[in-house]
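Structure, as structure tokens:
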Amino acid sequence: MPSTDLNAGMRCIKYLLFSFNLLFVITGILIIGVGTTIQAIYNNFDTFLEDRFFSPAVLLIAIGCIVFAVAFFGCCGALRESTCMVMMFAVLLGVVFVLELAAGLAGYLLQEGLKDYLVTTLTDAMPQYGHDTEITETIDFMQSRLQCCGLDSYKDWDGKLDRTTEGVITFQNMTLPHSCVTDDSEYIYGNGCLSRMEYVVGQSAVMLASAAISIALLQLLGVMFACSLGKSIRQQKSERERRRWELRESLLRKESLYSDTKNSSNA
């Protein structure tokens, strides 16, 4: 194999690794985007949600940031033709894969017992409407944004509030939050919030889990790809060293032959 072929092979490996790192950075941006989107959705209802709902989203954001550091190892490994750095790149990819898998599984587990949890949380929060500012704002946001009222219907508010509570209206001898009224102030939202909250939180968890696991599979391919590239770099460097040794030996033999010939001529 000519020396130019070896150089071309090494350049090909570098370009492949750089291209892969570019793809890897893009997936990192996607990971951060999914994590921040889910966290923003949960933040709107943070009064009703425990920390366990936020943890997978925060983990996903952290993973996205780690991705950039991992990509740095891959680029440096390609530039320096360092087998050690490329293999470190593969190891870090493996760590990212495990973290993403954990975030994905946590997202799926969030759906377990979600309905019962929301029933308990919303039921406990309703009597505090008008007395606790944070709960009041969250309930108003939930009912106006999701266009719902109460758990299963507006009748769930019956007996929960009194007429002296700030920000309430009277409808069919029941005291309701003003957020139960439609934007045109003509109708009461007929749908309950429980099913809609369950859908929003549940779908967010599914989206988080699906994104994390899908990208994790891509990272797994990345691990195998990086290991393969590391092996190729090692082989290319070994072949280069072998050819250098052969060239040196050839020069030494020619020099020795030249010296012998010259000595014979002088004799």
Excluding residues fewer than 8 positions from LYS231 in its own chain, the aspartates and glutamates with Cα under 16 Å of it are GLU81, GLU239, GLU241
The size of the Cβ-based charge dipole (Lys, Arg +1; Asp, Glu -1) of region 54-134 about the Cα centre, to the nearest 20 debye, is 420
Mean accessible area per residue over region 23-172 (1.4 angstrom probe, all protein chains present, square angstrom) is 49
In nm, the gap between the two label points placed 7 Å beyond Cα toward Cβ at ARG248 and LYS231 is 2.9
Amide H contacts under 5 Å for PHE171, restricted to residues at least 5 apart in sequence or on another chain and with H modeled in the peptide plane, are LEU176
Taking a crude spin-label model, label points 7 Å out from Cα along the C-beta direction, the ILE188 to ARG145 distance in nm is 2.4
Using alpha-carbon positions, the gyration tensor of region 116-170 gives root eigenvalues a ≥ b ≥ c; with a/c under 1.5 called rounded, otherwise prolate if a/b exceeds b/c, else oblate, the class is rounded
The long-range amide H neighbours of GLY130, using H built 1.01 Å from N in the peptide plane and a cut-off of under 5 Å, are THR136
Everything considered on the Cα gyration tensor (a ≥ b ≥ c; rounded for a/c under 1.5, else prolate if a/b is larger than b/c, else oblate), region 39-122 must be described as prolate
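The values are calculated or read from the model by the stated rules, or taken from the named source; none is laboratory data. Quantities reported herein were computed from a predicted structural model and do not represent experimental measurements. Backbone-built Cβ (ideal geometry, glycine too); neighbour counts: all protein chains shown. Please note that ligands, DNA and RNA were not included when accessible areas were found on the heavy atoms of the full protein model with its side chains. Shrake-Rupley method; radii C 1.70, N 1.55, O 1.52, S 1.80 Å.
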